[in-house]
1. To the nearest 20 debye, what charge dipole does the chain have about its Cα centre, counting +1 at the Cβ of each Lys and Arg and -1 at the Cβ of each Asp and Glu?
2. For region 30-120, with the dipole built from +1 on Lys and Arg beta-carbon atoms and -1 on Asp and Glu ones, taken about the Cα centre, which of Gly91, Ile51, Ala102 lies farthest toward the positive end?
3. Once the Cβ-Cβ distance between Met65 and Ser39 is put in as r, and R0 is 22 Å, what FRET efficiency do you end up with, to the nearest 0.05?
4. Cys199 to Asp232: FRET efficiency via 1/(1 + (r/R0)^6), r the Cβ-Cβ distance, R0 30 Å, to the nearest 0.05?
5. May I ask you to compute the full-extension gain from Glu87 to Arg137, defined as 0.36 nm times their residue separation minus their alpha-carbon distance, rounded to one decimal in nm?
6. Give me the net charge for the shell around Ile73: Cβ to Cβ below 15 angstrom, other residues only, Lys and Arg +1, Asp and Glu -1.
7. Pop out the ³J(HN,Hα) list for region 350-357 in order, Karplus 6.51 cos²θ - 1.76 cosθ + 1.60 with θ = phi - 60°, rounded to Hz; leave Gly and Pro as x.
8. Run the numbers on the chain and let me know its relative contact order in percent, using alpha-carbon pairs under 8 Å that are six or more apart.
Amino acid sequence: MSHHSHRFGYAELTDRLNRCPQGAPPSESLHKILKILFSEREAELIALLPIRPFTAEKAAEVWKMDLTQARNILDDLAGRAMLVDVEGEDGRTTYILPPPMAGFFEFSMMRTRGDIDQKALAELFYQYLNVEEDFVRALFADGETQLGRVFVQEPMLSTENAMHVLDYERASEVIRTASHRAISTCYCRHKMQHVGRDCDAPKDICMTFNTSAASLARHGHARPVDTAECLDLLDRAQEHGLVQFGENVRERVNFICNCCGCCCEAMIAARKFGSLHPVHTTNFLPAVDENACNGCGKCAAACPVEAMGTVSANDPRQPKRKKARVDESICLGCGVCVRACPDKALSLKPREKRVITPLNSVHRTVVMALERGKLQHLFFDNRVLWNHRALAAVLGVILKLPPIKQAMATSQVKSRFMEYLVRKFPV
């Protein structure tokens, strides 16, 4: 490789990851994780790759190497699920370096593998994500626009409320409309299994869709399934009280995790940083029928983020009687508690203000970058958004605004204006 650097390849890769909106705060744990997943030469090469999708020709140009050699390296990385390879209708393959989450961290644990030490990796993931917390805080608690959102359990909706749920808000519709569907082992529970902290929730139930599913299935990291089986697994997940947590976009959702409250990073983050709204909620909240509620506490036990609890019913005839109470400030609106209530004392009601969901991954990425002060990395990497000049010009103006006006602009960028630009100038 002609590229020369005085820094270690893993430090360069960490810098590269931190140019993305999500980021990956450097630490000794992260360094050890990257050493298990990549050779130092691979880390040096990946550090040079564009943030947005690229071809083997572009990689060969950046790496200053023969096209065949570059393609072999890319295909090997894709085969290990470190890159996602997307086969276009024209037969051309493009490659994407996924973020750590949802991305190559999960991919490394989505099946049992012998080519890496998964127990050592799981212990490092636990240290980096569950003990140190800097990564999880940066991933889930920075900015207003987050990586993931919760899907409401559709069977828990009344007929009237179900009429107002849009297609992109339905996990079932994501499954039905996906070009590809694949199932793999839940990264979170697999990780926790290696550190002796997993629960008995189903593990082979992690869902990927569209191009991500096609790539993972092609290389044996996930099992392709049809619509019917995927819908059956969705029902199974809901019966086990798992939360459907998926990509925070309206179009071409790439993943839906079925999350438990004890193992899954998104649910743990929602408990730890609930006031910072680390996960986008549904457009519903549970309502308690105090006449029907007997205060059994089953809703509180089922809630993955501790938004449900019991308090005194203040009944002078039954001083010990309790009733359920919801903390609306941290509630996800998933409907798990409604399913768990044996007396049908809970129902879902609409939130007063609808939750904004980005149009697609481009929309979400730009807004996340703007909110996290990383928008310049999308523009100043000359291999990124080069055909997105109109969008770059407009957002370049926003970048120069003082902080207060920039915050005001963000609320506009998230809505119709950004959606118009993304539709008009697609990547």
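Quick note: the coordinates plus some simple rules give every number you see, no bench work behind them. What you see is a predicted model; the values in this text were computed from it and never measured. Don't worry about glycine lacking a Cβ; one is built from the backbone with ideal geometry, like all the others, and counts go over all protein chains shown.
1. Details: 55 positive and 51 negative charges, 197 e Å.
Magnitude of the dipole: close to 940 debye.
2. Final value for the positive-end residue is Ala102.
3. Details: r = 16 Å, r/R0 = 0.71.
Once the sixth-power term is evaluated, E becomes 0.90.
4. Working: r = 21 Å, r/R0 = 0.71.
With R0 = 30 Å, the Cβ-Cβ based efficiency is 0.90.
5. On the way: separation 50, 0.36 × 50 = 18.00 nm, distance 3.43 nm.
Length difference between fully extended and current span is 14.6 nm.
6. Values: positive: Arg41, Lys58, Lys64, Arg71, Arg80; negative: Glu40, Glu42, Glu44, Glu57, Glu61, Asp66, Asp75, Asp76, Asp85.
So the surrounding residues net to -4.
7. For region 350-357, the Karplus-derived couplings read x, 6, 5, 10, 5, 7, 7, 10 Hz, x marking Gly and Pro.
8. Details: 736 pairs, mean separation 64.8, N = 427.
That works out to 15 percent.
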